[in-house]
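Comments concern the structure below.
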Amino acid sequence: MLHLLRRPEPITPETPDEALVRRAQRNDADAFRALFERHVTSVRRFLRDLIRDPDAADDATQETFTRAHVQLPRLGDRDRFRPWVFGIARNVAFEARRVRQHQSLELDSDDDVPAAVLPAPDPERTLLDRELEGQLTNALGALSEHRRAALLLRLDHGLSYDDIAEAMGWTLPMVKNEIHRARLALRASLLPHLGGPNP
């Protein structure tokens, strides 16, 4: 009986996702809020890279965590919250893309090309950096949605191949194959702009 009256352990940055999921599944709002705060930035960045529209990505981020909250009681493997929530985000992104295509809205524009990340020593270098950033954006945009999602999960978010397989609903060999093909496609697109020979 005493164990029912015990206060839960305080939530700290070191609290594992597994413990937070267990508590959130018992309707501990603070635990779900901690999961949200821990993962929202990377999920939002992933969605912005996939959807390529900041406002739509923000809406998709909110929808992702709303679905995660509703579906959390069914998450059996509590230490796999990160790939699980990326899988939800991926589905939300693809649904949003289908809706936009159905409405025949073209949301991408050349104005969305990010500025150079590193300060350039002169105007010519700045122009070259912006051109390269634009080429990278275009090369990523030319990949299929699924292939781009897998590559971003690996390179930008550092997920393991196993985690990507879980998030994408793929087999491990398929993950490795799709990421390999995505890297080859990026290399083929970027080599001419980096001064290398065409493959």
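Structure values in brief
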{"read-out": "Condition broken by R74, with the remaining ones in (1) among the basic types (K, R); (2) within 11 Å of the chain's Cα centre (by Cα); (3) surrounded by fewer than 18 Cβ atoms within 10 Å (Cβ to Cβ) satisfied", "value": "(2)"}
{"read-out": "L172 surrounded by fewer than 16 Cβ atoms within 10 Å (Cβ to Cβ), closer than 24 Å to S42 by Cβ and at pLDDT 90 or above", "value": "yes"}
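Yes/no per residue for (1) in a helix (DSSP H, G or I); (2) under 22 Å from G158 (Cβ atoms); (3) at pLDDT 90 or above:
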{"site": "D58", "(1), (2), (3)": "yes, no, yes"}
{"site": "F65", "(1), (2), (3)": "yes, yes, yes"}
{"site": "A68", "(1), (2), (3)": "yes, yes, yes"}
{"site": "A96", "(1), (2), (3)": "yes, no, no"}
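The values are calculated or read from the model by the stated rules, or taken from the named source; none is laboratory data. Keep in mind it's a predicted model, so treat the numbers as computed, not measured. Using ideal geometry, Cβ is built from the backbone for each residue, glycine included, and neighbour counts are taken over all protein chains shown.
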